[in-house]
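**Student:** Below you'll find the structure I mean.
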Amino acid sequence: MLILGLETSCDETGVALYDTSRGLLAHALFSQVDIHVEYGGVVPELASRDHIRKALPLLEEVLTKAGCTAADIEGVAYTAGPGLVGALMVGATLARALAWGWGVPALGVHHMEGHLLAPMLEEERPDFPFVALLVSGGHTQLVRVDGIGQYRLLGESLDDAAGEAFDKAAKMLGLPYPGGPHIARLAESGDPERFNFPRPMVNRPGLDFSFSGLKTYTLNTVTDCKANGELSEQDKCDIARAFEEAVVATLVIKCRRALKQEGLKTLVMAGGVSANRNLRASLERALSKEKAKVFYPAPEFCTDNGAMIAYAGAQRLAAGQRDGEASAVRPRWPMAELPPLSAGLATGVSA
Ligand code: AMP
Ligand code: ZN
């Protein structure tokens, strides 16, 4: 079954074609980072307008790349939430109009389910059950996954998401949005001994996270360093290093705790922050000692993309799920409300 996937929940327009027997045929992405950079964050109205401009040219591009025509498409999956309401509505309206015009089913997909299943686009895929760490600009969650749509929330951030904390720390250091990759780059030249930032909530039981105290600690450190004038490049690198170490250590501790609690040996990590190389290496090191394994998507499928939506939608469409006539976008949408999927995975080999 050939499925078109459309992602427009935030500031990336992603379009992809996934075939349940042949795998991912093509994908294309336009990132709006340059549009929002001067505002230091995503401007929802600008995001919506740009999705309108980019979606159809990207659709033409993936059809050409895959050597397909619109007549080959057998279903359309789009991100129905969570996300920015205007941006979601652009994708939903376009997807449902295309599906109606082509006479094929449409289905609204949960954005975080897309992230969670993105590692399934790789050749080496995790088996259910597993623990998933979802770390993006809007979410930090640990979820037990027993199958598609069988999700149990184990813990989540009580305040900022990990990606949001990276973005705010970057802003304090005068770095552009989104700050995660900039912090990661500076951290590579940072002295790990100069500062020791707190590891939030690791001494408390449970699997919740909190990053607001770390944010305040970072701001206080920046203020102290500025007492002697502007921040030097080395100050920035050292603060970035200490901040990254604290986030990574916290995430690693909670992942190990979640695996132990659930008696599982497989961890799946997804979302923009999962592109962080220090986090990947630290998790691999920590889990290999316990004979546990971590899976994550290719870097291009860590941040928002159409391929993960096409994949998640393909699983559900192939199992017969479809939008009703009155379907609406859901800017807030708990993942636990998703219906389970009893059939096996409809997964092809990626081209
Ligand atoms: P998403 O919300 O899944 O699209 O992910 C975007 C978030 O991931 C933003 O907050 C970025 O700052 C963050 N991010 C992207 N790459 C990295 C990285 N290498 N290290 C840390 N955070 C990152
Ligand atoms: Zn995302």
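Nothing in this text is a laboratory measurement; each read-out follows from the coordinates by a stated rule. This is a predicted model, so every value here is computed, not measured. Cβ atoms come from the backbone with ideal geometry, glycine included; neighbour counts cover every protein chain shown.
**Student:** What is the local net charge at Gly190, summed over the other residues whose Cβ is closer than 13 Å to its Cβ (Lys, Arg +1; Asp, Glu -1)?
**Tutor:** -4
**Student:** Around Ala28, what is the net charge, scoring Lys/Arg as +1 and Asp/Glu as -1 over all other residues with Cβ under 15 Å from its Cβ?
**Tutor:** Every neighbour counted, the sum reads -4.
**Student:** Still on this structure: Considering the Cα trace of region 102-212, what is its radius of gyration and what is Dmax, both in angstroms?
**Tutor:** When restricted to Cα atoms, region 102-212 yields Rg and Dmax of 17.4, 62 Å.
**Student:** Under 10 Å, Cα contacts only: if you run a Gaussian network model on the chain, which one of Ile52, Ile148, Ile239 comes out with the highest mean-square fluctuation?
**Tutor:** Between Ile52, Ile148, Ile239, it is Ile52 that shows the largest mean-square fluctuation.
**Student:** Let me test this: with uniform point scatterers at the alpha carbons of region 1-122, what is the Debye-based log₁₀ I(q)/I(0) at q = 0.14, 0.18, 0.22, 0.23 1/Å?
**Tutor:** These q points yield log10 I(q)/I(0) values of -0.56, -0.92, -1.32, -1.41.
**Student:** Return a whole-number percent for the relative contact order of region 131-262, with Cα pairs under 8 Å and 6 or more residues apart as the contact set.
**Tutor:** Contact order relative to length: 27 percent.
**Student:** On C-alpha positions alone, give me the angle between the axis of helix 277-288 and the longest principal axis of the chain, in degrees, nearest 10.
**Tutor:** 90
**Student:** Could you tally the net charge around Phe128, taking each other residue with its Cβ under 11 Å from the Cβ of Phe128, Lys/Arg +1 and Asp/Glu -1?
**Tutor:** After counting each charged neighbour, the total is 0.
**Student:** Let me have the 222 nm mean residue ellipticity of the chain computed from DSSP H runs of 4+ only, each contributing -39500 (n - 2.57), with the sum over all residues rounded to the nearest 500. Provide the component values of the computation, followed by the final result.
**Tutor:** Working: 10 runs with 141 residues, N = 351.
Value at 222 nm, helices only: -13000 deg cm²/dmol.
**Student:** Given the pairs Lys168/Lys291; Lys254/Lys293; Lys168/Lys265, which span a C-alpha to C-alpha distance of over 26 angstrom in this model?
**Tutor:** Those over the limit are Lys168/Lys291; Lys168/Lys265.
**Student:** Mind putting a number on the dipole of the chain about its Cα centre? Charges go on the C-beta only, +1 for Lys and Arg and -1 for Asp and Glu, and I need it in Debye to the nearest 20.
**Tutor:** Dipole of the chain, to the nearest 20 debye: 940 debye.
**Student:** Kindly put Tyr18, Tyr151 in sequence by how many other C-beta atoms sit within 10 Å of each C-beta, fewest to most. Let's see the in-between values first.
**Tutor:** Values: Tyr18 33, Tyr151 23.
Ranking Tyr18, Tyr151 by Cβ neighbours within 10 Å, fewest first, gives Tyr151, Tyr18.
**Student:** How far, in degrees from 0 to 90, does helix 44-66 lean away from the longest principal axis of the Cα atoms of the chain, to the nearest 10?
**Tutor:** Once rounded, one gets 60 degrees.
**Student:** Report the charge-dipole magnitude of region 33-130 in Debye, nearest 20, computed about the Cα centre from +1 at each Lys and Arg Cβ and -1 at each Asp and Glu Cβ.
**Tutor:** Value, rounded to 20: 400 debye.
**Student:** Nearest 5 is fine: what % of DSSP beta bridges in the chain come out antiparallel, could you say?
**Tutor:** About 60 percent, rounded to the nearest 5.
**Student:** Let's test this: bin the Cα-Cα distances of region 199-351 at 10 Å from zero up to the farthest pair and state each bin's percent.
**Tutor:** Per 10 Å bin, starting at zero, the Cα-Cα P(r) for region 199-351 comes out as 8, 25, 31, 22, 10, 3, 0 percent.
**Student:** Counting pairs of alpha carbon atoms under 8 Å apart in space and at least six apart in sequence, what relative contact order in percent does the chain give? Walk me through the intermediate numbers first.
**Tutor:** Details: 772 pairs, mean separation 93.9, N = 351.
It comes to 27 percent, rounded to a whole number.
**Student:** Give the cross-link partners of Lys260 among the aspartates and glutamates, using a straight C-alpha distance below 18 Å as the criterion and excluding same-chain residues fewer than 8 apart.
**Tutor:** Output for Lys260: Asp127, Asp146, Glu156, Asp208, Glu284, Glu290.
**Student:** Would you mind telling me the antiparallel percentage of the DSSP bridges in region 1-158, rounded to 5?
**Tutor:** Roughly 75 percent of the DSSP beta bridges within region 1-158 come out antiparallel.
**Student:** Just round it to a whole percent: the fraction of Cα-Cα distances in the chain exceeding 25 Å.
**Tutor:** 52
**Student:** OK, next. One quarter of the convex hull surface, Cα atoms only: what value does that give for region 180-274 in nm²?
**Tutor:** That works out to 6.9 nm², a quarter of the Cα hull's surface.
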